[in-house]
Amino acid sequence: LSRCTDAQSRREIVDSVAVVRKNLERPSEVFCYPVGREQDFGSREMENVKAAGLSMAITAIPGVLRQDMAARHGVDWALKIPRFSYDDRAG
């Protein structure tokens, strides 16, 4: 998304959310950035997620959700939620 024009970025996000909502009975209200690394999205994409009517987005940035996320990342913390991979070999 970060390599798209402003219009393309908005269209990709807003239209994909609309398609999911149209085709699923109970669509997710959380966006997941494609690829999701820090260099793959920015404030423009976070604004586009909000424009699509969503208030949360998952990244591929390693980490865990913490109680101090708002203090550390500001009001848009919910638009860049970190995650960690689950090692299915862990047993």
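The values are calculated or read from the model by the stated rules, or taken from the named source; none is laboratory data. None of these values were measured; they are calculated from a predicted model. In case anyone asks, the SASA skips ligands and DNA or RNA and just uses the protein heavy atoms, side chains included. Shrake-Rupley method; radii C 1.70, N 1.55, O 1.52, S 1.80 Å.
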* Sequence-distant or interchain residues sharing an amide H contact under 5 Å with Met56, placed H: which? -> Phe31
* To do: For segment 20-91, list log₁₀ I(q)/I(0) at each q in 0.12, 0.24, 0.27 Å⁻¹, using the Debye formula over Cα point scatterers of equal strength and ignoring solvent, two decimals each.
  => -0.37, -1.13, -1.27
* Asked: Using a probe of 1.4 angstrom, how much of the accessible area of the chain is carbon and sulfur, in percent?
  -> 52
* To do: Could you provide, to the nearest whole Å², the per residue accessible area of the chain with probe 1.4 Å?
  => 72
* Asked: Once amide H atoms are placed 1.01 Å from N in the peptide plane, what residues at a sequence separation of 5 or more from Ile61, or on another chain, have their amide H within under 5 Å of its amide H?
  -> Arg83
* Asked: Each residue of segment 7-21 in turn: what ³J(HN,Hα) in whole Hz from Karplus with 6.51, -1.76, 1.60 and θ = phi - 60°, glycine and Pro shown as x?
  -> 5, 5, 4, 4, 4, 4, 6, 4, 5, 5, 5, 4, 5, 4, 4
